[in-house]
Amino acid sequence: MRNTLFAATAALTLLAPQIAPAQTMKDDSFRSEDEGEWYHSVEFDMWEGVGGNRQVLETIIEKIESTEGARRYADAPDTLIAYGPGNWTYEFSKAGDAAIAAAQTTDDLTIKQEAYNEAIVYYHLASSPHTPAPEHVAALTKAHDAYAASAQMLPGRFSRPQIPFEGKSFGAFLHIPEGNGPFPVVVVSQGSDVSKVVALPYYREHLAARGIAMLSIDVPGMGESSAYTVRDGRTDKLHAAAVDWVRAQDFTDDKNVFVQGVSFGGTSAARIFLARPELDLAGVIFMCGPINAPFLAGPDALQHLPPLTLDGVKSRMGMPLDTELAEFAKAIEVLALGKQGLFEGEKISTPLLAINTTADPVSPLFDMEKMLARAENGDKVLIDILGHCPPRSQRQPIIANWIDGKLR
């Protein structure tokens, strides 16, 4: 395994293999103390960084916080039950509608695209954690449409293929760069409460200029992958189907197909690396995904996770949000890759990049090391901060450079 630094950033520290402390999964590893008891993570800087308007965002949060009414969690301002003013989904959907209206009433292409990107942020927040609730589905559908409107304004080609799998199909976003191809392709997925609509800046800012195509999918149980769940433990099944579909397309350089996943999508990336070496991928990028220990931690440990995180995984499992924690803890044991026997076996030649923080509450380093132990060609980057997953601004240039360097 190589410990090589791919981007010079003051916040990055590359560390030698180590054993992490016992998995505690404390809630404060996800949230800063000044957020209080909010159900959603309130991250103005991050929301603004991906296209939101700071003033609009702050106004929404103030409206949510000041509205009276019955709440799912009495101390969480953003859990107002009635759908109307002050309700999280209502307020962010309303902001998304306003951004769409602004996009449709201007002839300035730069302003139009910025407005569509703003709408993506608001609709995606409105849908979080992307459950089957009708208002969540409606908001995420609007996020998809806003994404398509913005993506079609980029150079190159954009489409929304339906990929068949096991008698059904799942939707994807496909970006193909300018040029004749064939192109390297990265199959990208996000977390248990983050949909594929967040990947547009990654393609626009890091992949397109390198001539790398991107196929972005939702993890099973979310959005356009909601016809499937991960109750069978095969978190990578849609990723493998996407790889097969990509290789059958004329635009693809089939020697250079990569899979990339972050958080719960990182679980999928870890499984496709460990369980499917026959795919002969050009590389797998794993980021901060739970691999084994968190899925075996039991209800006492899981109760320390944010309710939104638990609700997101319950939805991906196809379980009701009111499922008792003990039942949920037993059900997710099937996701543990060690329990599936995937830490044992021959070395795997597929290149692997593993990125994590030094203290991730649901992706302990000792699990990541067990995965890396099977890699003949493994690289590891640790970012020396507390919390779940490295920031996009730090991890994305590292990944794009790594992919560029692994092209066959």
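What follows is calculated from the coordinates using simple rules that are stated; it is not laboratory data. Model, not experiment: these values are computed from the prediction. Using ideal geometry, Cβ is built from the backbone for each residue, glycine included, and neighbour counts are taken over all protein chains shown.
At a glance:
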item	result
DSSP bridge orientation in the chain - percent antiparallel, rounded to nearest 5	30
Alpha-carbon centroid distance for the pair segment 238-280 / segment 61-95, whole angstrom	39
Relative contact order %, segment 39-155, counting alpha carbon pairs below 8 Å whose residues are six or more apart	21
Cα-based shape type of segment 74-201, given that a ≥ b ≥ c are square roots of the gyration tensor eigenvalues and the cut on a/c is 1.5	oblate
Pairwise label distance in nanometres, Asp322 with Ser159, each label 7 Å out on the Cα-Cβ vector	4.5
Alpha-carbon centroids, segment 116-133 and segment 338-408: separation in whole Å	28
Linear extension gain, Arg72 paired with Gln152, 0.36 nm per residue minus alpha-carbon span	24.9 nm
Where only C-alpha atoms are counted, convex hull volume of segment 281-408 per residue in Å³	116
Full-stretch length increase - Glu376, Gln394 - with 0.36 nm per residue and alpha-carbon distance subtracted	3.9 nm
Reach of Lys255 by Cα under 26 Å, taken over lysines that are not fewer than 8 positions away in the same chain	Lys196, Lys237, Lys347, Lys380, Lys406
Label-point separation, Thr358 to Asp97 (7 Å along Cα→Cβ), nm	4.8
Ascending count of other beta-carbon atoms within 10 Å, so fewest first, for Leu207, Leu174	Leu174, Leu207
Taking all pairs of distinct alpha-carbon atoms in the chain, Kirkwood radius in angstrom	21.5
Global geometry of segment 343-394, whether rounded, prolate or oblate, following the gyration tensor of its Cα atoms and the 1.5 cut on a/c	oblate
Protection-proxy order for peptides 135-143, 53-61, each taking the mean of Cβ atoms within 10 Å per residue, highest first	135-143, 53-61
Residue order, fewest to most beta carbons within 10 Å, for Ile81, Ile291, Ile332	Ile81, Ile332, Ile291
Local net charge near Ala326, Cβ-Cβ under 14 Å (Lys/Arg +1, Asp/Glu -1)	-3
Rough spin-label spacing in nm, given labels placed 7 Å along Cα→Cβ, for Arg231 and Thr105	4.7
Sum of side-chain charges, Arg71 neighbourhood, beta-carbon under 11 Å (Lys, Arg +1; Asp, Glu -1)	-3
Exposure proxy order (Cβ contacts within 10 Å, fewest to most) of His304, His124	His304, His124
